[in-house]
Amino acid sequence: VHAEEVIDMGEHATKAIAHKKNSSINIGYKHLAEQKIAAFIGAGNTGAMLVGSIFSVKAIDGVQRPTIASLLPKVSGGFGVLVDVGANADCKPEVLNQFAILGSLYAQNVYGINDPKVALLSIGEEKEKGNLLIQAAYPILETNDRIHFVGNVEGRDLFNDKADVIVCDGYTGNIVLKLCESMYYNFSKLGIQHDYLERFNFKQYGGSAILGVNETVIVGHGISKSETFVSMFRLAQDVVNSKLIEKIKQSF
């Protein structure tokens, strides 16, 4: 499908979506909204991908803010889910509670994690620890009977089995994500090779799902190459086949 305009990486997302109607992102979302396609993937401007999803296919009724989830490779094998990783830099406690539900449904239905353990990312395991956001979110998650809440976890628990879904604001989550990426690149440049280290190579997973919108959307890394897009196709197919969107709608 021909698209004569491109939303550049540095453009203001909302303005670009509003003015560049013939961009690939806008045209892709038009096809998704009209159900000409089952999923839309993109490795362009992440903000534009997020804003475009909200403007076109819109957030699921009841979802305050759609979120982006990413994977955490566990030392014991398998994966955990980190949510949010950049869509929402500032959050309210109620929004973190919704992230917990969305992340739990994602882990269960797409990655086959039965009864996923959900935790808040904090600076201490105790209930009283954390900033004002985490302290306010804790009692909300604690009384949420739609998730298996296990309390707080610390940064050292990101890759162990204490939790399957780790919840944080997008500012914190994006720092964690970029830290993981830099760790992989730096160790690789030093010639360090290990099967576990290779599991941090984003090319294997392709992208991250935008959770909370009415259709399947996958956001990829801006430096994605062909093999990364293949991984994004596979993830999109898994999300569609799992009927995740329908299950999120039912939950909310």
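The values are calculated or read from the model by the stated rules, or taken from the named source; none is laboratory data. Remember, predicted model here, so these are calculated numbers, not experimental data. Ideal geometry is used to build each Cβ from the backbone, glycine not excepted, and the neighbour counts take in all protein chains shown. Calculation scope for accessible area: heavy atoms of the full protein, side chains included, ligands and nucleic acids excluded. Shrake-Rupley method; radii C 1.70, N 1.55, O 1.52, S 1.80 Å.
Take Ser231 and decide whether it is touching a Phe, Trp or Tyr at 6+ places or on another chain (Cβ under 9 Å), over 18 Å from Arg156 (Cα atoms) and of a type in the set (Ser, Thr, Tyr). Before you say what the answer is, go through the steps one by one.
Details: touching a Phe, Trp or Tyr at 6+ places or on another chain (Cβ under 9 Å): yes; over 18 Å from Arg156 (Cα atoms): yes; of a type in the set (Ser, Thr, Tyr): yes.
Judged against the criteria, Ser231 is a match.
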Inset, instruction - Taking Lys117 as meeting all but one of (1) open to solvent by 80 Å² or more (accessible area, probe 1.4 Å); (2) at pLDDT 95 or above, write down the number of the exception. - result: (1)
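Which residue, of Lys203, Lys225, Lys189, Lys178, is within 15 Å of the chain's Cα centre (by Cα) and among the charged types (D, E, K, R)?
Numbers: Lys203 fails: within 15 Å of the chain's Cα centre (by Cα); Lys225 fails: within 15 Å of the chain's Cα centre (by Cα); Lys189 fails: within 15 Å of the chain's Cα centre (by Cα).
Unique residue meeting the criteria: Lys178.
Taking the options Lys189, Lys203, Lys225, name whichever one is among the basic types (Lys, Arg) and in contact (Cβ under 8 Å) with a residue 24 or more places away in the chain. Before you say what the answer is, go through the steps one by one.
On the way: Lys189 fails: in contact (Cβ under 8 Å) with a residue 24 or more places away in the chain; Lys225 fails: in contact (Cβ under 8 Å) with a residue 24 or more places away in the chain.
It is Lys203.
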